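Have a look at the structure below, then the notes.
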Amino acid sequence: MIVRIGDNIISSLGFTTEENYQAVKSGRSGLKFYDAGTLGLPEAFTASLIDKQRLNENLTGLETDLEKASILSVISANNEAKIDLSSEKVLFIFSSTKGNVDLLESPSVGDSRGLFLWQSAQLIAGYFNNPNTPIVVSNACISGAAAQIAAMRELASGLYDYAVVIGADMLSKFIISGFQSFKALSPEPCRPFDADRTGLNLGEAAATIIYANKGFNPLAIQLLQGAIRNDATHISAPSRAGEGSYLALKNILQNIDKEQIAFVNAHGTATLYNDEMESIAIARAGLDTVPVNSLKAYFGHTLGAAGVLESIISMHALKDETIFPTLNFHSQDFENQLNIPIKIQKTNKKYLIKMLSGFGGVNAALIFEKS
Amino acid sequence: MQLFIKKHINLSFKKSAEITDFYRSLKIDYPKFFKMDNLSKLGFLASELIFKDEESRFVPREDLAIICFNRSSSLEADTLYQTTIQDNENYFPSPSVFVYTLPNIVAGEISIRNKLFGETSFYICKEFDEEQTFRTVNNAFQDQTTRSVLAAWVESFEEKQEVFMMLIETETSDIIFSIEKIKELFNN
């Protein structure tokens, strides 16, 4: 068990957790339509992009937007946590799916390109004069959950008192064209879990959670347990039986009173197969009566940031005794009917579950508790 | 918790063609191999050698975690994919290339081949780090289901194609899992 002592989200919906939380609460989406030519792409797309001008006004002189957003996010999270980030008792854990991959577009050679994920992590931890080698997690779209699990384990091993978990990804022609080639993108704002869902939208974000192994707990919320399991069926398609996702859920639900689960924040990308797979896994885990939501229609799929960002919004919702509806959801056509609220609801229950899945057959589940 | 290295293997190749030659020499019939990128091929081949004499191989199991590390993530596949989108006049983004632009696909390939439903994780480090390997593998056993870890350093970028893989278990065997031993075996 580890304790959240500070957090931040930088996204299209704002540069603080509070800005982002209030935007979600008022039902605002950061998704916008972008014409062909944006980011050099020959096709139009709908996505959630960070205000780069605001980003650069806040921090100058560093290599890339990804690193700037990450550093700003850590500064903001530590305004709340107020720990000495230069201490050897603090470990930085950086989660990113594609890092600075956009740098491949402009040809140059050598390590100075900043293409390596460990370079970004070193630059970010180095900005705060942290003496430890940062950990870099790159586990496709579950990276942000995998990084929090790594934080739990590192803090449990007793070497560190604090973990700074950063999830960040920026969009580029590389990433968007790849998802377009998979025919995974929806031309309009996505509709998670909806019978008429047409695919996902991508999003940019940097998000940070600072965890402690003990001590002051301002939100009174802790990360209790996390698990990662593989589908072992296909490298890019979700399991038809939801096997890995179900096993991850089963693992974190041991000794948990399901009656006390406030809600499940699913991956809910709004692709045909992901959402159906999750409906199967949720039902198999005996959670079909528990409210389920997805935040993808607010932020898009923010890749390596998603696990961190969506955990933050969900933790604050749990504290706020609130269950958010899934924006753009109207009706479901799953064989296993889920409880998917269409309006904001109140809850006084104490657990929240976060689910994520990704390429490579990976699935993660986290459980948080309000004390 | 005392852990043991049950098996280990080191492979390195100078060219992609050598990887395919090695596959052929093993007389394995697994056509999916030819669809894989070099990173996945390296991990796949090492895992074949590790698992080949394992009892009840292919029986689905959840208690084995795959923990991989490397320096360059999927930069080799990334560079290849970039050539398919660099020029809008000659633009042909391919899903079969794009899917390998994630380092953890190799762990997925090994899971599919061997029906492994346990944890799969991928970490990136500046260079092979026996201390981080030791710590991360030990930490993986904090998952109460995990009884074995297949740990791999698997790197394919520019001139370097190498894989170092260990099967680490709680069950007693001859080699004790330690930082010094990892370093020694990696440098063999």
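Could you pull out the residue among B:Asp21, B:Asp37, B:Asp78, B:Asp63 that is in contact with a helix residue (DSSP H, G or I) (Cβ under 7 Å, 6 or more places away or on another chain), modelled with pLDDT of 95 or more and more than 7 Å from chain A (Cβ to nearest Cβ)?
B:Asp37
When you go through A:Ala241, A:Ala237, A:Ala207, A:Ala184 one by one, which is the residue that is surrounded by 24 or more Cβ atoms within 10 Å (Cβ to Cβ) and not aromatic (Phe, Trp, Tyr)?
On inspection, the qualifying residue turns out to be A:Ala207.
To keep it simple, each residue is scored yes or no on (1) closer than 30 Å to A:Asn293 by Cβ; (2) modelled with pLDDT of 95 or more.
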residue: A:Pro131; (1), (2): no, yes
residue: A:Val137; (1), (2): yes, yes
residue: A:Met152; (1), (2): yes, yes
residue: A:Ser157; (1), (2): no, no
residue: A:Gly178; (1), (2): yes, yes
residue: A:Asp194; (1), (2): yes, yes
residue: A:Thr208; (1), (2): yes, yes
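State the number of residues belonging to region A:218-248 that are more than 7 Å from chain B (Cβ to nearest Cβ) and in a strand (DSSP E or B).
6
For residues that are within 11 Å of another protein chain (Cβ to nearest Cβ) and among the hydroxyl-bearing types (Ser, Thr, Tyr), scanning just region A:115-152, find the one that is surrounded by the fewest Cβ atoms within 10 Å (Cβ to Cβ).
The extreme case among them is A:Thr133.
Taking the condition of being touching a Ser or Thr at 6+ places or on another chain (Cβ under 6 Å) and in a loop (DSSP other than H, G, I, E, B), how many residues in region A:341-360 meet it?
Residues flagged as touching a Ser or Thr at 6+ places or on another chain (Cβ under 6 Å) and in a loop (DSSP other than H, G, I, E, B) within region A:341-360 amount to 1.
Which one is surrounded by the most Cβ atoms within 10 Å (Cβ to Cβ) among residues in region A:321-335 that are part of a loop (DSSP other than H, G, I, E, B), in contact with a strand residue (DSSP E or B) (Cβ under 9 Å, 6 or more places away or on another chain) and not hydrophobic (A, V, I, L, M, F, W, C)?
A:Thr326
Within the bounds of region A:188-200, is there any residue that is in a helix (DSSP H, G or I) and within 14 Å of chain B (Cβ to nearest Cβ)?
No, the conditions are met nowhere in region A:188-200.
Is it true that some residue in region B:153-170 is acidic (Asp, Glu), part of a loop (DSSP other than H, G, I, E, B), farther than 30 Å from A:Val101 by Cβ and touching a residue at least 40 places away in the same chain (Cβ under 8 Å)?
no
Mind listing just one residue for me: the one in region A:336-371 that is of a type in the set (Phe, Trp, Tyr) and either away from chain B (no Cβ under 14 Å) or surrounded by fewer than 23 Cβ atoms within 10 Å (Cβ to Cβ) (or both) and, of those, farthest from A:Ala151 (Cα to Cα)?
A:Tyr351
The values are calculated or read from the model by the stated rules, or taken from the named source; none is laboratory data. Because the structure is a prediction, the values reported are computed rather than measured. As a convention, Cβ positions derive from the backbone with ideal geometry for all residues, glycine included, and neighbour counts pool all protein chains shown.
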